[in-house]
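Taking it in order: structure first as C-alpha cells, then the write-up.
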Amino acid sequence: MRLLGRLPGVGERTAQRLAFFLLRAPRDYVTALGGSISELQERVHPCARCGNYTEEEACAICTDERRDAGVVCVVGTVQDLMAIERTGRFPGRYHVLGALLAPLDGVGPEDLPIPALLERIGDGVREVVVATPPTVEGEATALYLAQALKGSNRTACVRVTRIASGVQYGGDLEYADQVTLGRALDGRREIE
Amino acid sequence: MGRETLDTRAFLLKSTPYGESDRILSLFTEARGKLSAIALGARRSRKRFGGSLEPFALLQARLALRPSTDLARLELAEVLEPNLGVSKQLVSMGQAGAALELCRELLAPDQPEPRLFRALESYLRALDVRGPSLSRMVGLELCALEVSGLHPRLGECGVCGKPVPPRRAARFDPARGGVVCRSDGGGPITLSGRALEGLRALAAGRDAELAEGDAKNAADALRALTEWHLGRQLKGAAFLRQISD
Ligand SMILES: [Zn+2]
Ligand SMILES: [Zn+2]
C-alpha cells in the first residue's frame, strides 16, 4: 500500500482500494500486471530518432511512411507530443527535447539535446514547428532554437514557426483542450 | 489559529512544482522581503492564478501567513506589470534571470528590503521597454550586494586602506572583498580604470552608463565576489555565457 500510494494521483484511500482489489483479483491478472510493470523500464525506451517512447529502435511515428518527414514539431516532453497527437492535426514528425531552457534555474542550451536536432534537420526538413508551452521557459527555448537553426548553414533556409498562443500564458500543453491546441497549431507563425 | 493576511506587491524568484497540482514559490515581497509560499492548484487550474506565476511580472499578491510554519499560502496573485518584453529576447531573459537569482541567493528571509525591491522593479521595467543592458545589470547587482552587506571596497585597498588612484586599472580580489593594491598582493581580476570608475559611480548612487566591455569586466568581478561569498557558482551567469556563445 505504501508503494501504491507513491503513484501520482493515488492517495492513501485509493491505495487501499487498489490493494484490496488486487488481493481479490484472479491470479493470472495479477501476474500479468506485475510482469508488465517490471518490464516497463527494460522494454520501453526513448526512440533513437525523436525521443518518443517506444519498444523498438525507432517509434511508430518515425517509421510511419505516411507522415511528412519534411515537417518536424519540437516539443518539451512526450506528454506534450501525445497532446498534439490527440488533436489529429499534425501530419509530420516530432523531436522531444526532454527539458526546456530555464533562465531562472540555469538550464542552458548545453543541457538540451540541440546538436541532435540540428543534425536531423539538415536533410529534407522544410519546416520546424516549435510547440513549447507559452511560458518563459517555452519562449526562451523557441527563441534559442530559431537562433540556432538560422545560425547554421545547413539549416538556415528551414522555416521556423511557433504555435499560436491560443494556449493560455503560463499554461501546460498537456492540460490544454484539443480544440485550443489544434487551433494553436493551425495558427503557427514564423519566429523572427 | 492566528492567521494574518498580507497584501503586497511581489516578484516571483523561483517556482518549483510540488506534488501533482501545487507549486512552491519563492517571492520577493515589498512588505516582508523574501518569503516562501505554496500556490495550491497552480499546476492544474489556470483559473486561479492565470499567467501570474510566470517570472518577471510585477504582482499584487495576497498571502495567508501562518504562525506554525514559514510557508505562507498564496491566495491571490494579479499581474500589475507583465513585463512581457523581457521574454522577447534571450539576453533580456538571461539578465533578468541573473538578477532574480541574486535576490533569491542574497536576501535573508522575512526581512524587507524596499530599496532593492524598487531597484528590481525599475530594472525589469527597463529590460521590458529598452532591452538588455549589462551596465544596468551591474547597477542592480551592486544594489543587491549592498543591501546584504557584501558591497565591494572600490575606493581604497581592502588590506592597507591606501586610496586607489582614479582612472587607473586596479587588481580585484573576491576573497578580500574588493580592490587590493600591488604591495598587498593584488588579486586575480584586473578591473580597467573605466570599469572601476563606473562601479564607483553606480555604488555612490549616481547614474552611469558603462561601455559594453567595461560593464562585462565589472560584472565578472561582481560575479566572482558573489560566488566567493556563496561558495558556489551562480546559474544565471552560466546561462548568460551559454546563450552568448
Ligand atoms: Zn521516433
Ligand atoms: Zn594595500
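The values are calculated or read from the model by the stated rules, or taken from the named source; none is laboratory data. No experiment lies behind these values; they were computed from the predicted model shown. Please note: Cβ atoms are built from the backbone with ideal geometry, for glycine as well, and neighbour counts cover all protein chains shown. Side chains are part of the model used for accessible areas, which takes the heavy atoms of the whole protein and leaves out ligands, DNA and RNA. Shrake-Rupley method; radii C 1.70, N 1.55, O 1.52, S 1.80 Å.
Points to keep in mind about this one:
- Cα centroids of the range B:1-60 and the range A:101-166: 29 Å apart.
- Heavy-atom accessible area order for B:230, B:199, largest first, 1.4 Å probe: B:230, B:199
- Note on chain B: helix-only mean residue ellipticity at 222 nm, from DSSP H runs of 4+ residues weighted -39500 (n - 2.57) and normalised by residue number, equals -12000 deg cm²/dmol.
- Amide hydrogen neighbours beyond the local backbone of residue A:95, cut-off 5 Å, H modeled: A:73, A:74, A:75
- For the peptide B:87-93, the mean number of other protein chain Cβ atoms found within 10 angstrom of a residue's Cβ is 6.
- Using alpha-carbon coordinates, inclination of helix B:90-106 to the longest axis of chain B, degrees: 90
- Inter-label distance for residue B:168 and residue A:67, nm, one decimal - labels placed 7 Å from Cα along Cα-to-Cβ: 6.8
- Average beta-carbon neighbours from other chains, 10 Å sphere, peptide A:24-30: 0
- Alpha-carbon centroids, the range B:122-174 and the range B:191-233: separation in whole Å: 4
- Here the spin labels are modelled as points 7 Å beyond Cα on the Cα-Cβ line, and at residue B:207 and residue B:84 they lie 2.8 nm apart.
- The string of couplings for the range A:88-105 from the Karplus curve (6.51, -1.76, 1.60, θ = phi - 60°) is x, 9, 10, x, x, 10, 10, 9, 9, 7, x, 6, 10, 4, 10, x, 7, 10 Hz, one whole number per residue in order, with x for Gly and Pro.
- Carbon plus sulfur fraction of accessible area for the protein assembly as shown, probe 1.4 Å, in percent: 50
- C-alpha long axis of helix B:193-203 to longest principal axis of chain B, angle in °: 40
- As a rough guide to protection, the peptides A:13-22, B:154-163 ranked by mean Cβ packing within 10 Å, highest first, stand as B:154-163, A:13-22.
- Highest-first packing order for the peptide set B:49-62, A:80-93, B:170-183 is B:49-62, B:170-183, A:80-93, based on the mean count of other beta carbon atoms within 10 Å.
- In a fully extended conformation the segment linking residue B:71 and residue B:125 would gain 16.6 nm over its present Cα-Cα distance, using 0.36 nm per residue.
- Phi angles of the range B:207-220 translate, via the Karplus equation with coefficients 6.51, -1.76, 1.60 and θ = phi - 60°, into HN-Hα couplings of 6, 9, 10, 7, 5, 3, x, 5, 5, 5, 4, 5, 5, 4 Hz per residue; Gly and Pro are given as x.
- Shielding value for A:133-139 is 5, the average number of Cβ atoms from other chains within 10 Å of each residue's Cβ.
- Where the protein assembly as shown is the region considered: accessible area per residue in Å², 1.4 Å probe: 50
- Relative packing of A:118-128, B:124-134, A:140-150, which averages over residues the other C-beta atoms within 10 Å, highest first: A:140-150, B:124-134, A:118-128
- Above-threshold pairs, the threshold being 25 Å between Cα atoms, out of A:150/B:216; B:162/B:235; B:34/B:235; B:88/B:235; B:14/B:88: A:150/B:216; B:162/B:235
- Test item: Cα-centred dipole of chain B, Lys/Arg +1 and Asp/Glu -1 on Cβ, debye: 160
- Normalising the average separation of contacting C-alpha pairs (under 8 angstrom, six or more residues apart) by the number of residues puts the relative contact order of chain B at 15 percent.
- For the pair residue A:32 and residue A:4, the difference between a 0.36 nm per residue extended length and the Cα-Cα distance amounts to 8.4 nm.
- Residue A:110/residue A:24 FRET efficiency (R0 45 Å; Cβ-Cβ; nearest 0.05): 0.30
- Interface burial for B against A (accessible surface, 1.4 Å probe, total of both chains, Å², rounded to 100): 2300
- Inter-label distance for residue A:57 and residue A:14, nm, one decimal - labels placed 7 Å from Cα along Cα-to-Cβ: 3.9
- Relative contact order of the range A:68-162, taken over Cα pairs closer than 8 Å and 6 or more residues apart, is 31 percent.
- Minimum 10 Å² accessible area buried by the other protein chains, the range B:30-77 residues, probe 1.4 Å, relative to alone: B:43, B:44, B:46, B:50, B:51, B:54, B:55, B:56
- Distant-in-sequence amide contacts of residue A:59, defined by a placed amide H-H separation under 5 Å and a gap of 5 or more residues or a different chain, comprise A:48, A:49, A:50.
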